[in-house]
Amino acid sequence: MPAREQQTCNPNLKAPLKLHRWLAIPVIAMLAACGGSSTQKPQPDSTPEITEKQEVKLTAEDLLLLAQQSSFDQAQVYQLRAAEILAQEGKPDAALRLLAKIHAYRLPFSLQKRFVFLSAELSLGTGEGWQALIALNNTGNLIYDRLSPTEQMSLTAYRAHAYGILGYHEASAREYLLLARQQTGQPAQQAYEQLWQALLNITLNDIRSLMDSEKDDELRGWLDLARVRKEAANNLDQFNAELSRWLRHWSDHPGALALPRDMAFLVEISRNPVQHIAVFLPQSGPLARAGNAIRDGIVAAAVDARAQSAATPKLSFYDSNTMSLDELYRAAMAAGAEVAIGPLSKNKVTELQERGALALPTLALNYGTNAETENNQLFQYAISAEDEASQAAKTAWQDGKKRALTLTPASDWGGRALTAFETTWSEQGGTVAETAMYSGKTNLGLSIEKMLEVDKSERRWRRMSQILDQKIEFEPRRRQDIDMMFLVATPATARQVKPALAFYYAADLPVYATSHLYNGKASPSRDQDLNGINFCDIPWFLENDSSLKRQIDKAWPDETNRYGRLFAMGTDALQLAGRLRMLQALPDSKVYGATGALSMQGNQTIQRQLEWATFVRGRPVMRQYLVSPAAQSDG
C-alpha cells in the first residue's frame, strides 16, 4: 500500500511528501524493452524476482527511454515510475508534467491508485488545483469504490481542497460534508470547520438559492447558519435573534452541538459592542475627495443599519489634513471614542508604525512604509494594486500556469504592482518570460508583438527567403514557451489587449488582470473586447445584491464612477472597527464585506480575499458560475 494511503487524512496538506517506494527494475527488463524478442517483458503490475546481482535502480531518464521502446500500456507504467522518482528527487514540476501525459485508464488498479494520490499530493502541495481535480474526478472516480475507507477519506480531502483553492466553494463544502461523515471525533470536527469556511465564501444570494433547493437536511442546516452569519452580522440584535431561532430549529445539528467559533465570538461582541468611533480622514487638501468618499461610505452604512433597527456607534469626524496625530488622538479621547478609523495618508500611517503605543486601537486606511511594527494597537487596511497583483499570481499558479508575460503601466503604482506579482510568482516557482511597461505614448500592439516574438518569426522568414532566393509560404507564429499574461490596465487600455493578442496569433493566451479594467458598472457593448480576461475585484462590484450599494450609487452617481471602491472601503471600515477583537482572537475568522473576505495577518494587516470573474459577452461572470476544470480528462 502506498505511504500516502497509510497516512491520516489531512485536508490542509501540511505534512511532507511520503511517496511510494519505487520498485527496482532489473537489467533484464531494460534488455527486453530495448530489443531482444526472446526475452519476455514484465507485466505492468508485477515485478519479476530480483536477485542481488540483477538489481539495478534506474533513473527517471532510463525509465523514459524504456517507455519509448515499450508497448503503449507498458510505457504508462514506466512513465509513472519515472514521475515517482522525480518527486522523490524534489522535482515536483517535472513529475507533474510527466503525470499529465499518462493515460491512467490503461494502468492496473494498484498503479491507478499511485497515479491519483501522487497527482493530487504534488499538485496541491505546489498550490495548484487543476491537475489535482482532473486526476481525482476522472481516474479517482473510476477506482473510488475499490479503495479502502482510509484511502477514500484521503481522496475526498484532496478533492475538497482542490475545489476550494479554485473557487468552487459549494463543491468544496459538499466534499467536506462527505469527509465529516466518513470520520468521527476531532477529525470530523475539523472537516466541519472546513465546510463552514467554504460555505462562508459563497455569496449570500447563492446561499439563499441553495437553501431553497437543497435536499440534504444536514447541509440545509449549515446553509441556514451561513445565511444568519452573512445576513445579520451587521445588525447584532438581529444576529442574536436569528441565531436563537436557528438553535431552536436545528437543536440536533452538528453546528448546534459545536457552534463555529466566529459565531460564538459574535455573540460575545454583541454583549459589549463598540459604542463610539473616531474617524480621522482628510476633509481638505489633495486627499480630500478620496477621504470624502470613504466618509460617505461610513455614514451611509450607519444610516442603513439604523434603518434596519440596528444599534450603531456614535461617529466623530476629524480632519487629518489640518490636525497632527497627537491632536487627533487628544480630541478623540476627550470625546470618549473607543476605536479610531484612519488616517488615510501613507506618511501618517508610517508615523503610527513608529510609535510604541497608541491612545486607541486604530484601523489605519493605508499601509505604512515599514514592513513590520511592534505596535499591537495598529491595524492596517488598504485597497492596493499590490494585493491584487499578488492574488493574480496565486490564482494563475493554482490554475496551472508557469511562464508569464507581464504588461503594466510605466508608473509608480504600476511598478509596485509588477514587483508584487513577480515576487509572489517567483516564490511559487513561476517564471516571468518577458516584461513590458507602457505609457500614453506606447504603441501597445507593437509591444505585444515584441513580447510574443512574432517579429522574430517574420525576420526568420525574410532571411530564409533571401538565402533561398525564392518566395516561401509562411504563416507567422508566436512564441510557445508562455501560458499566460498578467495585465494591469484601465478599461480603455485593457480593451486593446485581447484584439492585439488575437492579431498576433495569441487569442488563446489566458490573461489575468487586476480590478483596474472595470469600474463596477457593466457596459456590454463597450466591453466585448474584454471577453475572456480573468480579473479580481471586490464583491460589491460582482455580486449585485447590495441594497446599500444601490443607495450609494443613487446618492453619489458621479463620485461612484471614480471612487466606488472607496465608498465600499468606508462601509467595511465601519464593520471592521467593531470586529477587530474577533479577527485578533480568531486568526482564521473573516469579515465578509463589500471589499472582500477580510482576515487579519500576523503583522495585523487586513488581507482582502477578492472574487474572480471572467468577461463573457461583455459582462463579468464570477468564476463559480463557469465550467469546472474537473470536466477535463486526465487521459
Is there a residue in the range 576-591 that is in a strand (DSSP E or B) and at pLDDT below 95? yes
Would you mention how many residues in the range 497-510 are of a type in the set (Phe, Trp, Tyr) and either open to solvent by 60 Å² or more (accessible area, probe 1.4 Å) or at pLDDT 95 or above (or both)? 2
Evaluate the range 215-223: report whether one residue or more is within 26 Å of GLY578 (Cβ to Cβ) and either in contact with a His (Cβ under 9 Å, 6 or more places away or on another chain) or open to solvent by 50 Å² or more (accessible area, probe 1.4 Å) (or both). yes
Checked pairs for the range 583-597, first over 17 Å from ALA382 (Cα atoms) and touching a residue at least 60 places away in the same chain (Cβ under 8 Å), second outside any loop (DSSP other than H, G, I, E, B) and acidic (Asp, Glu), C-beta under 7 Å and 6 or more apart or across chains, list as LEU586/ASP262; SER589/ASP262
Look through the range 262-286, keep the residues that are free of Cβ contacts under 8 Å to residues at least 12 places away in the same chain and in a loop (DSSP other than H, G, I, E, B), and return whichever of them is least open to solvent (accessible area, probe 1.4 Å). ASN272
Considering only residues that are open to solvent by 30 Å² or more (accessible area, probe 1.4 Å) and part of a helix (DSSP H, G or I), which ones fall in the range 180-191? ARG181, GLY185, GLN186, PRO187, GLN189, GLN190
Could you grab me the full set of residues in the range 343-398 that are assigned to a helix (DSSP H, G or I), under 27 Å from the mean Cα position of the chain (by Cα) and of a type in the set (Asp, Glu)? GLU386, ASP387, GLU388
Whichever residue in the range 400-409 is at pLDDT 95 or above and surrounded by fewer than 22 Cβ atoms within 10 Å (Cβ to Cβ) and, among such residues, is nearest to ASP537 (Cα to Cα): PRO409
When the residues of the range 604-619 are filtered to those that are open to solvent by 20 Å² or more (accessible area, probe 1.4 Å) and in contact with a helix residue (DSSP H, G or I) (Cβ under 6 Å, 6 or more places away or on another chain), which remaining residue is farthest from GLU372 (Cα to Cα)? TRP612
Long-range neighbours under 6 Å by Cβ, at least six apart or interchain, first residue touching a residue at least 12 places away in the same chain (Cβ under 8 Å) within the range 287-305, second β-branched (Val, Ile, Thr) and in a loop (DSSP other than H, G, I, E, B): ALA302/THR312; ALA305/THR312
Selected residue [at pLDDT 95 or above, in contact with a Ser or Thr (Cβ under 8 Å, 6 or more places away or on another chain) and open to solvent by less than 30 Å² (accessible area, probe 1.4 Å)] from ALA513, ALA494, ALA568: ALA568
Selection from the range 517-529 of residues that are free of Cβ contacts under 8 Å to residues at least 40 places away in the same chain and open to solvent by less than 40 Å² (accessible area, probe 1.4 Å): LEU517
PHE239 vs (1) within 25 Å of LEU574 (Cβ to Cβ); (2) among the aromatic types (Phe, Trp, Tyr); (3) in contact (Cβ under 8 Å) with a residue 40 or more places away in the chain: all pass except (3)
Taking the range 429-447 and keeping only residues that are assigned to a strand (DSSP E or B) and either open to solvent by 40 Å² or more (accessible area, probe 1.4 Å) or more than 16 Å from PHE486 (Cα to Cα) (or both), one is left with THR431, VAL432, GLU434, THR435, MET437
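Yes/no matrix, rows are residues, columns are (1) over 30 Å from ALA502 (Cβ atoms); (2) assigned to a helix (DSSP H, G or I):
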| site | (1), (2) |
| --- | --- |
| CYS536 | no, no |
| TRP540 | yes, yes |
| ASP545 | yes, no |
| ILE552 | yes, yes |
| GLU559 | yes, yes |
| TYR563 | yes, yes |
| PHE567 | yes, yes |
| GLY570 | yes, yes |
| LEU574 | yes, yes |
Which of the residues spanning the range 330-381 are out of contact with any strand residue (DSSP E or B) (no Cβ under 8 Å at 6 or more places or on another chain) and open to solvent by less than 10 Å² (accessible area, probe 1.4 Å)? ASN375
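Quick check on my filter: what residues within the range 256-275 are hydrophobic (A, V, I, L, M, F, W, C) and within 16 Å of TRP246 (Cα to Cα)?
Across the range 256-275, the qualifying residues are ALA256, LEU257, ALA258, LEU259, MET263, ALA264, LEU266, VAL267.
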Need a quick list: helices (runs of 4 or more DSSP H) entirely within the range 199-250 having at least 1 residues that are over 22 Å from ALA160 (Cβ atoms) and among the β-branched types (Val, Ile, Thr). 217-231
What is the residue count in the range 287-301 for residues that are more than 31 Å from the chain's Cα centre (by Cα) and either surrounded by fewer than 17 Cβ atoms within 10 Å (Cβ to Cβ) or of a type in the set (A, V, I, L, M, F, W, C) (or both)? 4
Is at least one residue of the range 245-261 open to solvent by less than 10 Å² (accessible area, probe 1.4 Å) and among the small types (Gly, Ala, Ser)? yes
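Mind telling me which of the residues TRP397, TRP413 ends up being open to solvent by less than 50 Å² (accessible area, probe 1.4 Å) and aromatic (Phe, Trp, Tyr)?
Numbers: TRP413 fails: open to solvent by less than 50 Å² (accessible area, probe 1.4 Å).
Step by step, each of TRP397, TRP413 is checked, and only TRP397 is open to solvent by less than 50 Å² (accessible area, probe 1.4 Å) and aromatic (Phe, Trp, Tyr).
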Consider SER123 against the criteria (1) surrounded by 24 or more Cβ atoms within 10 Å (Cβ to Cβ); (2) at pLDDT 95 or above; (3) over 30 Å from MET263 (Cα atoms): it satisfies all of them except one. Which criterion is unmet? (2)
In the set GLN575, GLN601, GLN551, the lone residue that is over 23 Å from the mean Cα position of the chain (by Cα), open to solvent by 60 Å² or more (accessible area, probe 1.4 Å) and polar (S, T, N, Q) is GLN551
Among the residues of the range 296-329, write down those that are closer than 15 Å to SER345 by Cβ, out of contact with any Pro (no Cβ under 7 Å at 6 or more places or on another chain) and assigned to a strand (DSSP E or B). TYR318
For ALA160, state whether it is open to solvent by less than 50 Å² (accessible area, probe 1.4 Å) and in contact (Cβ under 8 Å) with a residue 60 or more places away in the chain. yes
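Of these, THR514, THR493, THR560, which one is hydroxyl-bearing (Ser, Thr, Tyr), out of contact with any strand residue (DSSP E or B) (no Cβ under 8 Å at 6 or more places or on another chain) and touching a residue at least 12 places away in the same chain (Cβ under 8 Å)? Step through it out loud before you land on a result.
Values: THR514 fails: out of contact with any strand residue (DSSP E or B) (no Cβ under 8 Å at 6 or more places or on another chain); THR493 fails: out of contact with any strand residue (DSSP E or B) (no Cβ under 8 Å at 6 or more places or on another chain).
After applying the criteria, what remains is THR560.
The values are calculated or read from the model by the stated rules, or taken from the named source; none is laboratory data. This one's a predicted model, so the numbers in the text were calculated from it and none came from an experiment. Backbone-built Cβ (ideal geometry, glycine too); neighbour counts: all protein chains shown. Just so you know, the surface numbers come from the protein's heavy atoms only, side chains and all, with ligands and any DNA or RNA stripped out. Shrake-Rupley method; radii C 1.70, N 1.55, O 1.52, S 1.80 Å.
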